[in-house]
Protein chains: 2
Amino acid sequence: MLYHYYIKKFEETAEIRFDILSKNSETLARRGRLYLPHGAVETPVFMPVGTQGTVKATSQEELAEMGFKIILGNTYHLYLRPGHELVKKAGGLHKFISWNGNILTDSGGFQVFSLEHIRKIGEDGVVFRSYVDGSYHEFTPERVMEIQSALGADIVMAFDECAPYPCEKEYAIKAMQRTHEWAKRSQEAADPNQAFFGIVQGSVYEDLRAQSAEFIASLDTDGIAIGGVSVGEGKELMMKAVEWSMPHLPEDKPKYLMGVGTPEDLIDAVIRGIDMFDCVLPTRLGRNGSLYTTYGRINIKNNKYTDDFSPVDPECECWCCKNYSAAYAPFI
Amino acid sequence: MLYHYYIKKFEETAEIRFDILSKNSETLARRGRLYLPHGAVETPVFMPVGTQGTVKATSQEELAEMGFKIILGNTYHLYLRPGHELVKKAGGLHKFISWNGNILTDSGGFQVFSLEHIRKIGEDGVVFRSYVDGSYHEFTPERVMEIQSALGADIVMAFDECAPYPCEKEYAIKAMQRTHEWAKRSQEAADPNQAFFGIVQGSVYEDLRAQSAEFIASLDTDGIAIGGVSVGEGKELMMKAVEWSMPHLPEDKPKYLMGVGTPEDLIDAVIRGIDMFDCVLPTRLGRNGSLYTTYGRINIKNNKYTDDFSPVDPECECWCCKNYSAAYAPFI
């Protein structure tokens, strides 16, 4: 079967390690290789988001064929449905979804703080209501690490508080301090077989970003994420959050900018030293007919494509571009 | 590329021919082989329906992998969008949708008569309104054959009047006579490079079905369809329509029961001598979580599959059954 051909291409590695392969002389951009339990990942890397264990509108074999070696799963969604215990019973998320590449699970922090069903935020954790059946649940750092261990991802994230935007400095300090406390507790509770990433917060405040970056760097985690971005602050402040954090982060760790972004954002962040990204944008836009191409974003439903029998993107090697025309694409 | 591997399996044949390979001694069931411009099709055959040039929820390469050698396209839908002239400009329907197996296009008769936007039925044809933009269009036998020629299908169907159910005998006679007149005109207008099938009508009346079968048989078409079934008459009357028609149809032609049906319907019709089928049922049901399996129809969203880590159908060789569990299937 085709799929087995592709999954053979993923080599399993025993050690979690990050190698910097080359550096750009004019910017902070670098090429690296991140060794994970389900094979090596070349960086900079964009990770497609498989919210509930399936990247929308794309099958696992299509992802493998496109060359993806790592995808993302949402802890919050998988915890609520089908449930981490069921996934564990199935043999873990890789087996459940039949994906032998790597998986990164987020901590659920972004979801429980951004969606409007928080019951109570305390020092210990967050009580929230399920969007599935309205039942109450609590996420603590220990609980979130237990869930991510059951899911069996290759990279797990610390439980953090993602402050909204705009955010008063007073609250941003509180959320950051809570994030730091939770990062320590997450790290202590983490499964040693999984790569563990801490998350820098600090909202749009330069001193807080610096302080948070220093603290997270001190934990000596396998990788470091910059969180609390892409929450409405705009591109300029997002890049500032990166610039304010980077000088305080060790060069030798992979850096992950969470929830970003457009192709332009990726380039702007790569030149600022970022190695990893995730975003629902390409799949969400694609489902609505908006496609990223070598020549920019296009809306394939636009009348000008009605009789365009050339590929959507002549430079692209993907299935759609190699087999179908722009005129046919809206019918697929 | 994978797809090119599969399309190579379709061998092109020059001659349109139907061979009966073996006959069942106790029933009218037979195995046959229908040679068409895009390769040979083993019969009995079920043809998946690709209304607008794409079988819903299934890609062309998946269809090829499952072994389908012929799919159906709806003339009515393709005529309205993207338009037969555009498809012709794209190099025909095969090239437009990147499918190198065979294609059968219906005549649009079923749609224009069953959907509620008929303007006027006359001896010459039917005026109807577009569901896309409300504009007026006319289908005549000549026009429908011209459209099917532009689409470039391997099998084209005569333009017929599909009478509704229930239907007074007086009207059933009128519709049948119109169908016969239109069958002759369709045959005269047909492109000789395409296989042409006549359609038997006659509603639920034994004498009309016999009369219609005799007439259509006299046209000596490449194949013969039994139409006007699966319109609400129920299974018993549907099988009667087959039984009343069959004795008047030549054994050596492929027989096609239009718009049928459930797996049980297929078997019941095969033993009555039917060779070809089409139906939206499997894809429509599948999109709603209802799946046909070796052990009957199941609803994959049923709670009992929540922790069922075995395949949806252990006897099935398809992608889903070979790679995913029943528990995961609802997430795909």
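Results, tabulated for the structure shown:
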| read-out | value |
| --- | --- |
| Copy-to-copy label separations for A:Asp19, where each label sits 7 Å from Cα toward Cβ, in nm and ascending | 5.8 |
| Residues in the range B:40-72 occluded by at least 50 Å² - accessible area, probe radius 1.4 Å, against chain by itself | B:Glu61 |
| FRET E, pair B:Thr27, A:Ser114, Förster distance 60 Å, beta-carbon r, rounded to 0.05 | 0.40 |
| Residues B:Ser130 and B:Tyr171, FRET efficiency given R0 of 25 Å [Cβ-Cβ distance, rounded to 0.05] | 0.45 |
| Local net charge near B:Ile155, Cβ-Cβ under 10 Å (Lys/Arg +1, Asp/Glu -1) | -3 |
| Which listed pairs, of A:Lys95/A:Lys120; A:Lys23/A:Lys95; A:Lys174/A:Lys255; A:Lys301/B:Lys56; A:Lys56/A:Lys95; B:Lys95/B:Lys120, have C-alpha distances above 29 Å, in listed order | A:Lys95/A:Lys120; A:Lys23/A:Lys95; B:Lys95/B:Lys120 |
| HN-Hα J in Hz across the range B:314-327 - Karplus 6.51, -1.76, 1.60, θ = phi - 60°, x for Gly and Pro | x, 8, 8, 9, 6, 3, 4, 5, 7, 10, 10, 8, 4, 4 |
| Where trypsin sites (Lys or Arg not before Pro) in DSSP loops with at most 15 other Cβ within 10 Å are excluded, longest remaining stretch of chain A | A:57-300 |
| Simple spin-label estimate for A:Lys184 and A:Asp207 in nanometres, 7 Å along Cα-Cβ | 2.2 |
| Largest-first principal axis extents of the Cα set of the protein assembly as shown (Å) | 89, 48, 42 |
| Approximate spin-label separation B:Met66-A:Ser290, in nm, with each point projected 7 Å along Cα-to-Cβ | 3.3 |
| Fraction of accessible area attributable to carbon and sulfur, the range A:88-234 (%, probe 1.4 Å) | 47 |
| Global form of the range A:155-231, assessed from the alpha-carbon gyration tensor, a/c cut-off 1.5 | prolate |
| At least 50 Å² accessible surface lost relative to isolated chain, residues of the range A:298-332 (1.4 Å probe) | A:Phe309, A:Trp319, A:Asn323, A:Tyr324, A:Tyr328, A:Phe331 |
| Percentage relative contact order, chain A, counting C-alpha pairs under 8 Å, at least six apart | 14 |
| Using alpha-carbon coordinates, inclination of helix A:141-151 to the longest axis of chain A, degrees | 30 |
| Charge dipole magnitude, Cβ of K and R +1, D and E -1 - the range A:133-173, Cα centre, debye nearest 20 | 60 |
| Drop in accessible area of at least 40 Å² in the complex versus isolated chain, residues of the range A:81-124, 1.4 Å probe | A:Leu86, A:Lys89, A:Phe96, A:Ser98 |
| Buried accessible area, chains B and A (both chains, 1.4 Å probe, Å² to nearest 100) | 2800 |
| Accessible solvent surface per residue of the range A:56-196, calculated while the other protein chains remain in place, 1.4 angstrom probe, Å² | 41 |
| Magnitude of the charge dipole, chain B, Cβ model with Lys/Arg +1 and Asp/Glu -1, debye to 20 | 720 |
| Under 5 Å, built H, 5+ apart or other chain: amide partners of A:Thr293 | A:Ile298 |
| Rel. contact order, % - alpha carbon contacts under 8 angstrom, at least six apart, the range A:159-247 | 31 |
| Protein-only accessible surface order, largest first, of A:Thr306, A:Thr140 at 1.4 Å | A:Thr306, A:Thr140 |
| Relative contact order, percent, the range A:225-329 [alpha-carbon distance under 8 Å, six or more residues apart] | 18 |
| Loop-resident sites, the range A:37-122, for GluC sites (Glu not before Pro), counting at most 16 other Cβ within 10 Å (DSSP) | A:Glu116 |
| The protein assembly as shown: antiparallel DSSP beta bridges as a percent of all, rounded to 5 | 50 |
| Spin-label model distance (nm) - A:Arg297 vs B:Ile267, 7 Å beyond Cα toward Cβ | 5.3 |
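The values are calculated or read from the model by the stated rules, or taken from the named source; none is laboratory data. Just so we're clear, the structure is a prediction, and the values are computed from it rather than from any experiment. Neighbour counts run over all protein chains shown; Cβ positions are idealised from the backbone, glycine included. Accessible surface areas use protein heavy atoms only, side chains included; no ligands, DNA or RNA. Shrake-Rupley method; radii C 1.70, N 1.55, O 1.52, S 1.80 Å.
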